[in-house]
Structure formats: structure tokens, C-alpha cells
Amino acid sequence: MSRGRQSDGSAGDVDYGEIGGTYSRYRQPDPEIEAQIHRALGDAKTVLNVGAGAGSYEPTYCEVTAVEPSASMLAQRPPHLTRAIDAVAESLPFEDKSFDASMASVTVHQWSDLEAGLAEMRRVTRGPVVLLVCDPAAMMDYWLADYIPEVREIEASRFPSLERIVAALGGRVVVEQVPVPLDCRDGFNEAYYGRPEAFLDEDARLACSSWSLVPRDAVERFEAALSADLQSGRWDEKYGHLRRQPFFDGPLRLVIGKSG
């Protein structure tokens, strides 16, 4: 089903004008994940970033053109990055084969038409199309689902399947696991796998858009349960090993369309 744009221009089911004011404070690019994305971009000299948000993972060693419809996200782009163009994935304002490579970081679930958006990225890209996505089939395999399954269920329902993404890209496609480091700077839900206290910060939670779609009573139940288990030591009895685990293999994936 097609989804319209929100009050601040956001495409999809979340209005980043309401929840995204502190997004860039919590969603900093993580060096490990960034390196994996940049390896996939190869030696591209011109890169298109679709759904660019506040600019996470944009390379600074080449010429980048950013596309972002949300006014809130546009306002949070740091000054050293290029100014983004107000446009959506499904209608990119560029000629065929305009870029050496293109990228889209955790944004395809916000598009109104996945197939149209990926077809547009293919159309304007000569080389690899690089997508940072989540695999909905792996969403529930995380301790957070034990405390607030509603968040994980909502996330799983929003992300398209890897099979659908691969089919829409066409050509030769490679899917890579993206390990999440313990000190991950990019505050998506899995980033706090070994730092559960972070989930008691409302702003940190809202940097993951799925939290804004969960009923308030479920969030209050979650806060009470996690707070009690952290205080009693129950969380550490069950999951404390994660505080020392250097990486977590969750649902994060890099999908790389090799042919343009």
C-alpha cells in the first residue's frame, strides 16, 4: 500500500518532525559498519545516498549526492556534508547511469513502493547498489523481544523480506551479515545488546522509529520490567554475558547489487 508524506515531508509511516529532533545525537555512524559499507561501494567516485537522513555512513572521500524528504533530517545534516535534495526514492531526479554507486541505509522500509525505489536506484547507477537493511525473519532472536515483543513485531512487519529486496534488485546480488560491535555508536535497537540501561532513555528509544508506533502502556510495562530486572540482577543472570561479547549477529544485513 502506498504511504503518503508526513507533515515534515517524511516518507512512510513515521513523522520524523515529531520524533527525530535528537536523532543525530544517538544515531552516529559506527566505524565498523561504515567500513563494511564503504568496502561495498568500492572505488566509486560519485555516490548517490537515498533516504540520506542526517548523513550517517556517507563517504567523505568522494562526491556524494544526497536525497532526503524529511525537513527534520535535512536540518540535522552536519555542515561538512553536502546539502541534500528534497526527493523520494520512487522518483529520483537524475539521468540514467548518473552515479558510479548508490546507497540506502536503513530506509527502504519507509518507501511507499520498494520495487519502484530500487528500480530507480538501478536506473541511475552504473555500478553497485548498496543497501543496509534488517532481515525481518531474524527480528525476534534478541532479548528485547522477551521484554517488549511489540517493538520487534512492528519492526518485522515494516521491513521487506530479503527475498523481495533481492528479487527487486535483480542481477547478481550478495547478502552479507553485518556484525554489531559492543560499543556501537549507531543507536538502533541491536546497538544496545550489551548495554540494556540505554533503553531506559526515552530519547534513545525514539531514535528507533518503531518505538513511536508502540502503545504507551506497552512501553511503560517494558520500562518497569527492565528497571526491576536490572536492579535485582535478573537481567545479568540471564544475559550478562552480552556485556562482554564483542559482536552481536542480529538482523542487520548489507545487500549489494553488483551489476548496474
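The values are calculated or read from the model by the stated rules, or taken from the named source; none is laboratory data. Here the structure is a predicted model, which means the values were calculated and not measured. All Cβ positions, glycine included, derive from the backbone under ideal geometry; neighbour counts span all protein chains shown.
Of all residue pairs spaced 6 or more apart or on separate chains, those with beta-carbon atoms under 8 Å, a first member in the stretch 61-74 that is within 15 Å of residue 105 (Cα to Cα) and a second member that is outside any loop (DSSP other than H, G, I, E, B) and basic (Lys, Arg) are 69/5. Filtered by the rule that a residue be of a type in the set (A, V, I, L, M, F, W, C), at pLDDT 95 or above, crowded, with 21+ Cβ neighbours inside 10 Å and under 20 Å from residue 158 (Cβ atoms), the stretch 189-244 gives 191, 199, 222. No other residue among 253, 221 is charged (D, E, K, R), closer than 26 Å to residue 137 by Cα and assigned to a helix (DSSP H, G or I) apart from 221.
Taking the numbered list (1) within 21 Å of residue 41 (Cα to Cα); (2) in a helix (DSSP H, G or I) in turn, residue 103 passes all entries but (2). Of all residues being touching a residue at least 40 places away in the same chain (Cβ under 8 Å) and in a helix (DSSP H, G or I) in the stretch 237-250, which is farthest from residue 130 (Cα to Cα)? Just the residue, please. Taking the candidates together, the pick is 238. Residue-level check: of (1) assigned to a loop (DSSP other than H, G, I, E, B); (2) buried (at least 23 other Cβ atoms within 10 Å of the Cβ); (3) of a type in the set (A, V, I, L, M), residue 73 misses just (1). Might you check whether a residue that is buried (at least 16 other Cβ atoms within 10 Å of the Cβ), touching a Phe, Trp or Tyr at 6+ places or on another chain (Cβ under 9 Å) and modelled with pLDDT of 95 or more occurs anywhere in the stretch 54-65? So far as the stretch 54-65 goes, yes, one or more of its residues are buried (at least 16 other Cβ atoms within 10 Å of the Cβ), touching a Phe, Trp or Tyr at 6+ places or on another chain (Cβ under 9 Å) and modelled with pLDDT of 95 or more. Within the stretch 79-95, being outside any loop (DSSP other than H, G, I, E, B), hydrophobic (A, V, I, L, M, F, W, C) and under 19 Å from the mean Cα position of the chain (by Cα) holds for one residue alone: 89. When restricted to residues that are over 16 Å from residue 249 (Cβ atoms) and either part of a strand (DSSP E or B) or modelled with pLDDT under 95 (or both), the stretch 173-185 contains 2.
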